Amino acid sequence: MSKVVIYSDGASKGNPGDAGIGVVISDASGGVLREIADYIGKQTNNVAEYSALIRGLRESADLGATQVEICTDSELLARQLTGVYKVKAANLKPLFEEAVSLLRVFERVSISHVVREFNKRADELANEGVKKHRNNSLNSRPKADKPTSAPKTPRQGRLSF
């Protein structure tokens, strides 16, 4: 496999809040090779964006890609990776460094800031990652030992306000 296209997106519900990543990796002709939707804990949107890209780069390397085209709707991510913006946030510096290290694995890299509509599937996957976690959290709440029910006979008395 020589070239892949990575569509990556991060979502955070609360910023910081429950965060998910979405990644679509396709071959040069547009055939989907991998789709990833994962929950990454309570994070900011920018951490989620970097985490999605890093996951996409790792998966692409595992696929044996030598060239990657990255499509992201995060202007910050695209501009930091191309050197237009400096990385000022301390929590993003290690993620930036990891992404740059992974980019060096490939012979050729291109990074494009795309409109959100062009990155729609990755956005859906990022939101799926958050939803999966929220659904699991709701389903995993401890259940009462005995079902609760209303008293069989109404209690006598008055309510005062």
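Values in this text are rule-based calculations from the coordinates and carry no lab data. Here the structure is a predicted model, which means the values were calculated and not measured. As a convention, Cβ positions derive from the backbone with ideal geometry for all residues, glycine included, and neighbour counts pool all protein chains shown.
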Taking Gln80 and the conditions (1) under 27 Å from Met1 (Cβ atoms); (2) crowded, with 20+ Cβ neighbours inside 10 Å, which numbered condition does it fall short on, given that it satisfies the others?
-> (1)
Scan (1) under 12 Å from the mean Cα position of the chain (by Cα); (2) over 24 Å from Gly14 (Cβ atoms) for the single condition Arg55 breaks and write down its number.
-> (2)
Flagged pairs (Cβ under 6 angstrom, 6 or more apart or on separate chains; first in the stretch 44-71, without any contact (Cβ under 8 Å) to a residue 40 or more places away in the chain and at positive phi; second crowded, with 24+ Cβ neighbours inside 10 Å and not in a helix (DSSP H, G or I)) are none
Search result, residues across the stretch 25-70 that are touching a strand residue (DSSP E or B) at 6+ places or on another chain (Cβ under 6 Å), surrounded by fewer than 18 Cβ atoms within 10 Å (Cβ to Cβ) and assigned to a helix (DSSP H, G or I) = Glu59
